[in-house]
Amino acid sequence: MAAFRRNFLKPNTIGIVPPGGYHGRGKQSHIALKWLDYESHRLGKVISTIYTDREISVMGRRVDGYIELPLPDGSLERRIYQFHGCYWHHCPTHFPANEDSGENRYEKTQQLTSLFRRSGYTVIEKWECEFKRDLASDPDTKAYFEAHPTTRTPPLELRDALAGGRTSALKWYYKADLAKGEKIKMVDVVSEYPNANLRGEYPYGHPTIYLEGDPDMPPPDTWNGVVKCTVLPPRDLYLPVLPYKAKGKLMFPLCRTCVEEENTEMCHHNDPKQRQLTDSWCAPELLLALREKGYKLVAVHEVYQYPHTSKYNPDTQEDGLLSAYVRRFMALKIQASGWPADCDTEEKKAQFVEDTLKHDGVVLDPTKMARNPALRALSKLMLNSFWGKFGERTLRPKTELIYDYGKLVSLVTDPAKEVTGLLPIGEDCLQITWKPEEDSEVSLPTSSLLHAAYTTCHGRMQLYKYLDVVKERALYHDTDSVAYISRPGEPELPLGTHLGDLTDQIEEDYGPGSFITEFCAGGPKNYTYKVAVGGDLSKIKVCIKVRGLSINTSCDDLVTFDNLKAMVMRDKAKLTVPIPHQIARLPGWRVVTRPSTKIWQAKNAKRRRVDVANTVPHGYNAWTMAPEEDQDLLEAMDLLAG
């Protein structure tokens with residue numbers, strides 16, 4: 001990140017989001033609006049808030065609520081409503097001032113209230129802790145919210161739009177019908193995330209924020225940032241587009257209720273409200289879903305619309321927001337890899353340099369093309385780890401070594417820090433672990449959740465483009481790879497060597513002509529397959545990959561193709577795999593090796609199982625099996641039974 005900021009970051013492009021979000025609209029604003037709803041109910045009139053007016057200011061100061069009430073004498077009462085968050089306004093009960101407090105926020109709050117009152121305004125104040133007590137114990141407040149639950153959607157948070165890669169087992173088991181010319185292939189995307197940074201379109205600057213009902217909100221076709229909205233997915237999309245977080249996993253469902261309840265039966269939720277998804281999505285992914293894949297836009301809650309977007313132009317070589325960085329380090333990586341094996345003449349070398357410039361915009365120096373494993377590893381690290389810094393969390397637990405009693409007292413009495421652990425290290429040293437209060441989150445000069453979210457969004461869309469070609473022939477996909485059935489006469493995924501292209505992983509690992517004959521998946525990051533090496537069916541090799549397990553002599557007799565297949569076919573429930581030497585980190589800075597075990601099982605909660613081999617998304621109601629597939633499945637089951 002330091003290299004990017006020093007050498008490639010253009011001025012006034014990547015904005016730093018203020019702590020608590022734009023306009024201070026974080027979780028604090030949500031509870032403030034909840035209180036203002038209650039005050040509007042008590043008053044019997046609508047109080048102006050940020051949801052009724054874009055900005056509410058009095059005497060140049062932003063306020064939470066405002067209303068003008070007619071009085072009997074014909075004059076107007078100008079009433080201001082102020083909700084004081086305990087952390088931000090230094091509630092004297094929970095955040096008392098001390099000599100280390102710096103600016104006294106409580107005094108500034110009182111001074112502003114006094115200014116308003118001296119100027120003829122009525123000021124109604126509420127402290128966060130007081131309102132939370134009212135919610136818990138005041139009969140009138142409790143009764144109101146029990147009868148009128150808050151339906152307003154919480155404000156958009158950029159972190160909600162940051163999601164990981166697509167990882168799912170689409171079929172539990174498949175054996176290629178060699179007599180019909182079938183093969184199973186596994187392909188990888190070349191440098192998926194660097195390709196997203198190179199070719200993806202990124203917004204920049206600070207956004208204009210549009211709230212629900214704003215007449216000035218731009219139309220969907222012009223959205224270029226992040227949108228919090230409610231959509232209704234189709235019922236018949238085998239490969240859903242929009243990600244949705246549920247049960248601690250990144251899902252791709254067609255029905256919210258089905259995925260949240262982990263429904264294993266066909267979806268019977270006929271009420272659209274039960275199926276609707278409400279979340280924050282990057283505009284490109286959302287627009288793909290709405291324009292091409294049958295999703296319907298139900299409600300728009302908030303839109304972040306940015307003043308500019310930037311994208312690499314391959315024709316003019318004009319760089320986008322992140323492309324110059326990628327091109328520089330990709331050049332170093334390729335040069336440190338040396339000439340490809342087939343570049344054995346000067347003409348072929350010149351052609352390689354020209355093709356790399358044409359397809360990837362990477363300028364190579366032929367005089368620097370020499371194998372250098374260390375430089376190659378460094379360049380690869382710079383490419384792959386670069387964008388992750390944009391998504392860095394600030395509310396992380398922290399560990400300190402304390403040698404001074406005064407520092408200890410200061411830390412444990414700081415209301416902005418929650419101490420979670422104390423451990424004596426020696427006579428004069430104490431290890432203390434703490435986590436910051438949620439409201440004390442700061443903005444880092446190296447983070448930009450928007451651009452982290454857009455990087456993963458572009459990566460998912462790149463993979464989806466390939467999945468959309470093979471559709472139901474896809475067996476499994478990981479963040480940057482796809483296993484699919486290759487059949488004569490049906491579209492193949494094109495291969496290449498440039499950024500964003502696909503390479504045949506099986507041929508790279510086992511040699512030209514190699515392909516998979518049988519594939520079995522027990523869930524994400526849990527699969528195995530048999531390979532015909534060089535296309536020779538008499539030379540079969542097995543590959544098995546299980547997250548959290550190193551396949552070695554301690555478990556290779558247990559972690560096998562046949563055992564995973566038996567679990568997938570429900571002949572076995574689960575297995576306990578011994579791990580004789582597992583590295584563990586213990587308190588007190590100790591690292592030990594100790595015996596352990598891992599429960600190995602076939603589990604795929606991301607999709608609904610419809611038969612022994614096939615899955616569909618949660619909420620999918622259009623599954624039918626072709627007659628030949630039905631017969632193939634029966635024959636496979638007969639073979640297993642025999």
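Would you please put 543-555, 329-341 in order of how densely packed they are, using the mean number of other Cβ atoms within 10 angstrom per residue and starting with the highest?
Highest-to-lowest ranking by the protection proxy: 329-341, 543-555.
Between residue 268 and residue 603, take the C-beta separation as r, use R0 = 25 Å, and let me know the FRET efficiency to the nearest 0.05.
0.55
What angle, in degrees between 0 and 90 and rounded to the nearest 10, separates the Cα long axis of helix 128-137 from the longest principal axis of the Cα atoms of the chain?
80 degrees
At 222 nm, what helix-only mean residue ellipticity would the chain give, in deg cm²/dmol to the nearest 500, using -39500 (n - 2.57) for each DSSP H run of four or more?
It lands at -8500 deg cm²/dmol.
So what's the range 294-366 giving for Rg/Rh, alpha carbon basis, Kirkwood Rh from the mean inverse pair distance?
1.25
Report the net charge of residues surrounding residue 167, where surrounding means a beta-carbon distance below 9 angstrom and charges are Lys +1, Arg +1, Asp -1, Glu -1.
Combined, the nearby Lys, Arg, Asp and Glu give +2.
Separation between the residue 94 and residue 594 pseudo-spin-labels, each 7 Å from Cα along Cα→Cβ, expressed in nm?
The two pseudo-label positions are separated by 3.8 nm.
Net charge within 14 Å of residue 350 by Cβ-Cβ distance, Lys/Arg positive one each and Asp/Glu negative one each, not counting residue 350 itself?
Here the count lands on -4.
Write down, largest first, the equivalent ellipsoid semi-axes of the range 398-440 in whole Å, where each equals the square root of 5 times an eigenvalue of the alpha-carbon gyration tensor.
20, 11, 6
Which ordering of 542, 300 is given by a fewest-first count of other beta-carbon atoms within 10 Å?
Starting with the residue having the fewest Cβ neighbours, the order is 542, 300.
Nearest 5 is fine: what % of DSSP beta bridges in the chain come out antiparallel, could you say?
If we restrict to bridges inside the chain, about 95 percent are antiparallel.
Remind me, what semi-axes does the range 464-533 give for its equivalent ellipsoid, largest first in whole Å, using sqrt of 5 times each Cα gyration tensor eigenvalue?
Over the Cα atoms of the range 464-533, the ellipsoid semi-axes are 17, 16, 14 Å.
Taking the Cα centre as origin and putting +1 on Lys and Arg beta-carbons and -1 on Asp and Glu beta-carbons, what dipole magnitude results for the chain, to the nearest 20 debye?
Rounded to the nearest 20 debye, it is 800 debye.
May I ask you to sort 64, 344 by Cβ crowding, counting other Cβ atoms within 10 Å and putting the fewest first?
344, 64
Ranked highest first by the average count of other Cβ atoms within 10 Å around their residues, in what order do 154-167, 121-134 fall?
Highest to lowest by the protection proxy: 154-167, 121-134.
In percent, what relative contact order does the range 453-545 have, based on Cα pairs under 8 Å that are 6 or more apart in sequence?
It rounds to 15 percent for the range 453-545.
Rounded to the nearest whole Å³, what is the per residue volume of the convex hull around the Cα atoms of the chain?
226 Å³
Mind giving me the FRET efficiency for residue 188 and residue 145? R0 is 45 Å, r the Cβ-Cβ distance, nearest 0.05 is fine.
The computed FRET efficiency comes out at 0.30.
When a/c reaches 1.5 or more, the comparison of a/b and b/c decides; with that in mind, is the range 493-577 rounded, prolate or oblate per its Cα gyration tensor?
Here the range 493-577 falls in the prolate category.
Note the direction-averaged projected area, equal to a quarter of the hull surface, for the Cα convex hull of the range 27-154, in nm².
Quarter of the Cα hull surface area: 9.4 nm².
Which of the chymotrypsin sites (Phe, Trp or Tyr not before Pro) found in the range 529-596 are loop residues per DSSP with 11 or fewer other Cβ atoms within 10 Å of their Cβ?
589
Report the FRET efficiency, 1/(1 + (r/R0)^6), for residue 76 and residue 136, where r is their Cβ-Cβ distance and R0 is 41 Å, rounded to 0.05.
Working from the Cβ atoms, E equals 0.70.
In whole Å, what is the distance between the alpha-carbon centres of the range 175-232 and the range 402-453?
With the range 175-232 and the range 402-453 each reduced to a Cα centre, they are spaced 37 Å.
Of 382, 410, 343, which is farthest on the positive side of the dipole of the range 331-462, counting Cα position, with +1 on Lys and Arg Cβ, -1 on Asp and Glu Cβ, and the Cα centre as origin?
Towards the positive end, the residue furthest out is 343.
Values in this text are rule-based calculations from the coordinates and carry no lab data. Given the structure is predicted, the values throughout are model-derived calculations rather than measurements. Glycine gets a Cβ as well: all are built from the backbone with ideal geometry, and neighbour counts include every protein chain shown.
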